[in-house]
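Colleague: My questions all concern the structure below.
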Amino acid sequence: MGGGGQQTDRIAGTNGRFGTYTWEEVQKHTKSGDQWIVVERKVYNVSQWVKRHPGGLRIIRHYAGEDATDAFNAFHPNLQLVRKYMKTLLTGELEASEPSQDRQKNGALVEDFRALRERLEAEGCFKTQPLFFILHLGHILLLEAIALMMVWYFGTGWINTAIVAVILATAQVCFGTCIGLSVCVSDVVVFLCVIPQGASASWWNHRHFQHHAKPNILKKDPDVNLLNVFVVGNVQPVEYGIKKIKNLPYNHQHKYFFIGPPLLIPVYFQFQIFHNMIAHGLWVDLVWCISYYVRYFLFMESHWFVWVTQMSHIPMDIDYEKHQDWLSMQLVATCNIEQSYFNDWFSGHLNFQIEHHLFPMMPRHNYWRAAPRVRVLCDKYGVKYQEKSLYEAFADIVRYDAHLKSHDVTFKRKVRNIPM
């Protein structure tokens, strides 16, 4: 029965009733001020609580009217504690005749993925090895010490300054990947890895949560919301052409893309970071971020950061919401880079981007353990598991931008024949 008419012995939520619902009824609650989500077949009314969500309100909004079970499991390390607080939000459950997944998702694939996650948890793949991060931090501090010694002994000549800049930029990138760009950030890790980057931990968490929840999905993933500077995917260029949006010469973006990476961290990210800290009164973060500018040269680091993070995303599918299951959604938006000691170090284990997205709470040093299992599961259900060489991944970014230019030219020829 829909609408909550059937009572059970379960605890009613803040809505004062407990009912059973169809997916059609749940999917009506997707607007601001009226948002429901489904976790493990239970229906929760998060309309009022969403503003207090520690992970930000947007990630909840992205899953309104949907089954959020896999996202819920992915982002919460202590599920029992979170379930305790969710009891007051419980408004019902799905009718017995309703499938556990919404919108014709492959139920067998979803269940097999969840079984894989349980096996990886049982094998300890989600447990952090402190020694790994101690050694990683140690080699970062060694790089900084070498840079300071070079300045002390050899002065500030042009050649020495260039070498020191490369060493410090390398240390900064290693700081940035110290937690594998993970969404699980403890206070200690924030101090050691986020604050030295000149970034607000709160800003990074809320931004990166959304990216992991809905990767490469327009209007939901902030990483493909490029403020009209770049158009990405095959859908967005067509939309811009129809709407005649010409803020920049997008048919030349494959050329000015190389100007973009150096400006990402010192310009675009820093504007967002400072706006976020001031708007939310994050004054401690602000003080630490200001100290960052006294210390480091940004431009080489920014290049490194952009190419490493985007080589697994930009050439992949970028489109609007398709309501795919967790595994399929992540695999269509990410790819891996071949494993090697250099690639692991150079990318901060983000060469395992697929596993990083599927299991965002998994420590980076365990991605290699999960990768073969994920590949087997993908093969079973015909989900494409892409892996490239580092050179091919970098080349694909350039080829992709050039492809957008040819796509733009083809589209313009077609538009001329469309009556307006």
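Values quoted throughout were computed directly from the atomic coordinates according to the rules given, and no laboratory measurement underlies them. Keep in mind that what you see is a predicted model, and the values were worked out from it rather than measured. Because the Cβ atoms are built from the backbone with ideal geometry, glycine has one as well, and the counts that use them run over all protein chains shown.
Colleague: Counting only other residues whose beta carbon sits under 9 Å from that of ARG41, what net charge do I get with K and R as +1, D and E as -1?
Modeller: -3
Colleague: Now a separate question. Quick one: net charge of SER389's neighbours, Cβ under 15 Å, K/R +1, D/E -1?
Modeller: My count for the surroundings of SER389 gives -3.
Colleague: Still on this structure, I have one more. Which of the peptides 323-331, 19-27, 49-57 is most tightly packed, and how do the rest follow, judged by the mean count of other Cβ atoms within 10 Å per residue?
Modeller: Ranked by mean Cβ neighbours within 10 Å, highest first: 323-331, 19-27, 49-57.
Colleague: Can you list the equivalent-ellipsoid semi-axes of the stretch 19-104, largest first and in whole Å, using the square root of 5 times each Cα gyration tensor eigenvalue?
Modeller: So the three semi-axes of the stretch 19-104 are 19, 15, 12 Å.
Colleague: What is the antiparallel percent of DSSP beta bridges lying wholly in the stretch 19-104, to the nearest 5?
Modeller: Restricted to the stretch 19-104, the bridges split so that about 70 percent are antiparallel.
Colleague: Return the Rg/Rh ratio of the stretch 110-150 with Cα-based radii and a Kirkwood Rh.
Modeller: With Rg and the Kirkwood Rh in hand, the quotient comes to 1.40.
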